[in-house]
Amino acid sequence: MSLDKSYDPRSIEQHWYPEWERRGYFNPAAQAPAESNRKRDAYCIQLPPPNVTGTLHMGHAFQQTLMDTLIRYHRMRGDDTLWQPGTDHAGIATQMVVERQLNAAGKTRHDLGRDAFVSRVWQWKEESGGTIARQMRRLGASVDWSRDRFTMDEGLSRAVTETFVRLYDEGLIYRGKRLVNWDPVLHTALSDLEVLSTEEQGSLWHLRYPLADGSGHLVVATTRPETLLGDTAVAVHPEDERYAHLVGSSIRLPLTDREVPIVADTYVEREFGSGCVKITPAHDFNDYELGQRHNLPLINIFDRNAALNDEVPERFRGLDRFDARAKIIAELASLDLIEKIDAHTLMTPRGDRSNAVIEPWLTDQWYVRIAPLAKPAIEAVESGKIRFVPENWDRTYYEWMRNIKDWCISRQLWWGHRVPAWYGPDGSIYVGRDETDARERHQVPAGTILVRDEDVLDTWYSSALWPFSTMGWPDNTAEVRKFYPTSVLVTGFDIIFFWVARMIMFGLKFMDDVPFREVYVHGLIRDNEGQKMSKSKGNVLDPIDLIDGIDLEALVTKRITGLMQPHLAAGIEKSTRKQFPEGISAYGTDALRFTFASLATLSRDIRFDVGRIEGYRNFCNKLWNAARYVTLSVEGHSLGDGSDDLSLADRWIRSRLAAMVSAVDKAFSSYRFDLASQALYEFTWYEFCDWYLELSKAVLQSDSATESQKRAARHTLIHTLETILRALHPLMPFITEEIWQRVGPIAGCAGETIMTQPWPMMAGMDADAEAQMTWTQGVILGVRQIRGEMDIAPSRRFEVLLEGAETADLARLATNRHFIERLANLSGIRPLAAGEIPPESAIALQGHLRILVPMAGLIDVAAEVARLEKRIAKIRQDLGKTEAKLSNANFVANAPASVVEQERGRINDFTRELTGLEAQLNKVKALGG
RNA sequence: GGGCGCGUAGCUCAGCGGUAGAGCACUUCCUUGACAUGGAAGGGGUCACAGGUUCGAUCCCUGUCGCGCCCACCA
C-alpha cells in the first residue's frame, strides 16, 4: 500500500497524538533507552501555566510550538526530558468570570457566601478546565500529562503556605497599614504591576486657598479637587521666594472648618502650576511620603467604593468621588475660589482587570519585603548564572529590579490561596501552616478563639514558586534533585516582571539556586497589520481554526459573538469578510508550527500572515509527495548493504544533507527557530526535491544503469529522506511520524516511533562532489536558461555541443552525461570534434566551457541578439565595479590578500565571459545580416 | 523624563564590513509516470535620510526624520 496521493493533515494528526500519549513517550522515565546505561543529561522546561478557565490564543500556540520543538529536539538527543504542564488559578480573572455568571442570574457572590462561591468556582474550573489540555494536544505538545499541576492543587498549596510561613518568620513578609492601589470596583488591593497608567484628558483646577490670617490666598493647582476634603497641608518649595514668608503659617481649607499648615518641601516643582501643592496624605502616594516627613495627619475620606465617608461635611457624605468632584467645583465656583481651569493631560491609573480608576487608599495589607530578595536575583543575571536570550532583555530586568518596591501580596478576593494567618481577639497575628500549627508555634491557649485572615494571595505568588512547587517541594523529591534548575524558560516579555523576576527571587531564596539557566524571550503575535489581537478589535485568530479551517460564516459569528461593545460587530464583520472571503482553509498543525518557527525571529512583534502558513502547508505536501516518490522507487527493490558505488549525485546530496543537519542543530541550540526552519525548507525543496530526486530518476529509470548504481541511488534516497524526517520532527511531529512509520523500517531503523530516534549528527562534507555538482548544475542551468528565454517548448529535445572542453570537462561529462541529458531534456550532448565548425548557436558559458544550442529551427536571431545584449550589459556593469575596486591603490594595499585575489579572479571570469558573449553576439548579428 | 526596539523587493521578513536574499504576490512557458498544494525561466530594491570611521558601509559610530513598546511621583 502506498502513501495517499495528497497530504491530508486531518487524518494523520488525530491518530498520532493519542498513540504517543498512550505509549508514555512524553514521560521522562519512559524515554530511557534500555540498552543505554550512560548517565543522561536532564532537560526540563516548565510550561508557563495558562489560566485554567481560558482558551489558548495565538501567543500560547506560538510559545508552545517553540517549547515543544526544544523538548523534542532534546528528547531525540538522548536527554532525560521533562516538559512540565499545568494551569494557573488566575485569581481575579477567574473570580470575575464566575461573578459575571452570577450577575447574569441576578445574584452576587455575597448572596452565596464565601464557601458556596468558592465551590462554584471549582465547579467552573472542572467544566472549562479541559479546554486548554485539548488544545495543547491538537498542537502536538509533548508535555508529561501524568505530572499535570494546578496552582491550587494540594501540593502547590502546601508550597505556598510553607514559603509564606518561612518568609514571615524571617521578617520578609509583614503586615502593614499603608497606601495601596485600591480597585473600588473589585474591592481589592492591587500590586503596582496590575495598575496601568494611561494618558487621559482632564482638567487642572487652580483653586484659591484663603490664608488663615485673612491677608489673601494661595493658588493651588490640582487634577483631583475632590480630595480637597482630605488635605492636611499645602506645600511650597523651600527656596521659592514667592512663598518663603508664608511657610509656617496656615490656610483655611475651603468647604471645611479646618486650618492646615503651609510646609516647605523639595518635592514641589516651582515651575508647575502656581508652585503650591495641596497635600492629601491619605489619597496620594507622594503626598503620603511628604506627610510622613512633616508629621501630617492622614484623613481618609473614602470608603471602599471610593465614595465619601463620614470624615467629610455632611452634605458630601455618600457621594461617589466623581459626583463629589462636581459638587465641590460648583461650591468653590460660587465662593469665587476658582482662579482658572486649564485643560490638562494626565496619567490616569486604572486596574488592569476592571479598568476602574485606581484609588490610593489606606488599608492593612500583606507585603513581601523585596530588597533582600532582589539583590541576589540581580546578581544571578549579572554573573551570568541566568542568561537572557536575546541578551538585551537584561537591561529591562535590571531597570525594574533596581527600582523595585515591596510587593503587596494580599487580595480581597475569595478565589485563591488564603493567607495562613490567624488573629486573636486582641488582634495579635499568628502565622502557621494551619490553625493547629499556628497555635503550637505561638503557644496560643486552647480557649482562645482564632479567626483566619480573610484575604487571599496574589496569583503571581503561587506562580513564582512554579519551578519547584510542581516538583513536589518542600519534599526533597527525585524530580527536584534531577530537574531543578530547569534548562530554559520560554516566555513573552510582557511577564518578565510579573513572573520571571519573581521566580528568580523565590528560586534563589528557597532552592538556593536559580530556577532556570536561560530565559528565551519571544515576541508578541500580532495580526497582519501589526495590531494586537483582541476580541474587541475582531482580529483574533484561533490557532485551532488555522489547523482545522473554518468557513466564513462561522468565523464571522465567532468574532462578533460575546462582544463587550456590540456596536463594533458591523465593522468586524465587514473587515472579516474582506480579509477572509473564502474563510480559512485547513492547514494542519505541522504547517502552523512550521510557520510559527519561521516567524520566531529575535524581535518584539511578530506579524502573523496567513499567506505564510499556506506556503508551509504546501511544503508539507511537497515532503509528502517526495516520500511517495521515494517509497515507490524503493519498495520491493534491494537497497544493498551500503557498499555500492555512489554516483556524483549520491555523494553530493549526502554532503549537502550533512551541512543542513549541522545548520539545523546549530540553530536549535541557539534558539534560532527561524534559521532552522529555513535550512530545512531550502534543503528539502531546493536540493533534495528539485535536484536530487530528478537526478535519481536518471539512474532508476535508465536501462543502462547498473543494478549496483540503482541500489546506491535507492539507498541514498531512503537514507536522505529518513534523515530529513528526523531533523524535521521537532518542528513537524505529525507528518514526520506518519511518513517515518513507512520509511524508518525500510531505512533499517529500529524502534516504533520517530520521537525517540536519535537526533541525526553526521560529518560528511564532500568538497569534490559539491564542486562537480556545481559544474553539472551549471551546464543544465545554462541550457534551461536558453530554453526558457527562447521559448523552446520543454518537450522539445535537441542536441547540445560543447566547445572548448578540457580534459577535466570531458571527464565530468562522461560521469554526468545521463544527469545532464535527463534534467536539461536533451537528445544528446557531445564535445565538438577537432576542427569541427560549430553551427549557428545560442551560447551559455560554464567557466571557459561554451555550451552551444544550435539555433536552426529553434531560435530566432533577434531574440538571441536581445538575450546576449542583456547578459553583456550585466557583466559589463559587474566588471566595471570590480575594475574600479582594483584600480584603487588603497584597496590593493590594505585589503586582505585573499579579498584582492578574489577580485582579480572575478575580473578574469568576467572578462572571459564578456569576450565570449561579445564574439557570439557579432556572429549572430552577422547571421541576421 | 529614563530604557528598549524597528525602518531592506508590492506585502511579511531574513541577512551582513567585501558581487543585495527568502516566502507570498507578479510575467512567460509547461498537465513529463512524487507533487498544478506542482515544474522551468524571468521582472522587481539609490537596504529611511545626512554625516563620520574604513581601501571598502545596507552592516560599525554620530545625528535627523518616522513608527512602536516598557518604565516613571510634576500635583
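The table that follows gives values for the structure above.
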| read-out | value |
| --- | --- |
| A:Asn305 being in a loop (DSSP other than H, G, I, E, B) and farther than 30 Å from A:Leu172 by Cα | yes |
| Region A:522-551: number of residues that are on the phi < 0 side of the Ramachandran plot, more than 16 Å from RNA strand B (Cβ to nearest atom) and surrounded by 16 or more Cβ atoms within 10 Å (Cβ to Cβ) | 7 |
| Selected residue [assigned to a helix (DSSP H, G or I), in contact (Cβ under 8 Å) with a residue 24 or more places away in the chain and exposed (fewer than 12 other Cβ atoms within 10 Å of the Cβ)] from A:Ala884, A:Ala862, A:Ala926, A:Ala873 | A:Ala862 |
| Unique match (being assigned to a loop (DSSP other than H, G, I, E, B) and either modelled with pLDDT of 95 or more or at negative phi (or both)) among A:Ser708, A:Ser638 | A:Ser638 |
| Residue in region A:353-361 that is within 16 Å of RNA strand B (Cβ to nearest atom), surrounded by fewer than 16 Cβ atoms within 10 Å (Cβ to Cβ) and under 26 Å from A:Trp205 (Cβ atoms) present | yes |
| Every residue from region A:893-906 that is within 47 Å of the chain's Cα centre (by Cα) and either among the aliphatic types (A, V, I, L, M) or in a helix (DSSP H, G or I) (or both) | A:Asn894, A:Ala895, A:Ala897, A:Ser898, A:Val899, A:Val900, A:Glu901, A:Gln902, A:Glu903, A:Arg904, A:Gly905, A:Arg906 |
| Residue within region A:914-927 that is at pLDDT below 85, charged (D, E, K, R) and farther than 16 Å from A:Arg850 by Cα present | yes |
| Where a residue in region A:220-233 is more than 14 Å from A:Leu255 (Cβ to Cβ) and its partner, wherever it lies, is assigned to a helix (DSSP H, G or I), with Cβ under 7 Å and at least six apart | A:Thr232/A:Gly291; A:Ala233/A:His294 |
| The lone exception for A:Leu246 - which of (1) more than 52 Å from the chain's Cα centre (by Cα); (2) within 14 Å of A:Thr280 (Cα to Cα) it fails | (2) |
| Of all residues making up region A:419-475, the number that are more than 24 Å from A:Cys408 (Cβ to Cβ), surrounded by 23 or more Cβ atoms within 10 Å (Cβ to Cβ) and in contact with a Gly (Cβ under 7 Å, 6 or more places away or on another chain) | 1 |
| Condition check for A:Thr589: more than 7 Å from RNA strand B (Cβ to nearest atom), β-branched (Val, Ile, Thr) and touching a helix residue (DSSP H, G or I) at 6+ places or on another chain (Cβ under 9 Å) | yes |
| Of all residues making up region A:359-391, the number that are in contact with a helix residue (DSSP H, G or I) (Cβ under 9 Å, 6 or more places away or on another chain) and part of a loop (DSSP other than H, G, I, E, B) | 4 |
| Sole exception among (1) among the polar types (S, T, N, Q); (2) out of contact with any Pro (no Cβ under 6 Å at 6 or more places or on another chain); (3) closer than 18 Å to A:Arg137 by Cα for A:Thr108, by number | (3) |
| Residues satisfying the stated conditions in region A:768-777, i.e. within 13 Å of RNA strand B (Cβ to nearest atom) and surrounded by fewer than 16 Cβ atoms within 10 Å (Cβ to Cβ) | A:Thr774 |
| In region A:582-605, residue farthest from A:Pro730 (Cα to Cα) [restricted to those that are part of a loop (DSSP other than H, G, I, E, B) and under 12 Å from the mean Cα position of the chain (by Cα)] | A:Arg604 |
| Tabulated pairs, region A:487-498, first closer than 14 Å to A:Trp83 by Cβ and touching a residue at least 12 places away in the same chain (Cβ under 8 Å), second of a type in the set (Lys, Arg) and surrounded by fewer than 19 Cβ atoms within 10 Å (Cβ to Cβ), C-beta under 7 angstrom, 6+ apart or interchain | A:Ser487/A:Arg517; A:Val488/A:Arg517 |
| Lone unmet requirement of (1) acidic (Asp, Glu); (2) surrounded by 21 or more Cβ atoms within 10 Å (Cβ to Cβ); (3) within 14 Å of RNA strand B (Cβ to nearest atom) for A:Asp674 | (2) |
| Of all residues in region A:128-178 being assigned to a strand (DSSP E or B) and in contact with a Gly (Cβ under 9 Å, 6 or more places away or on another chain), the one that is farthest from A:Tyr43 (Cα to Cα) | A:Phe150 |
| Options A:Arg252, A:Arg224; residue that is more than 10 Å from RNA strand B (Cβ to nearest atom), at pLDDT 90 or above and not hydrophobic (A, V, I, L, M, F, W, C) | A:Arg252 |
| Helices (runs of 4 or more DSSP H) wholly inside region A:425-495 that include at least 1 residues being basic (Lys, Arg) and within 31 Å of the chain's Cα centre (by Cα) | A:478-483 |
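The values are calculated or read from the model by the stated rules, or taken from the named source; none is laboratory data. Just so it is clear, the model here is predicted, and its values are computed rather than measured. Every residue, glycine as well, gets a Cβ built from its backbone with ideal geometry; the counts of neighbours run over all protein chains shown.
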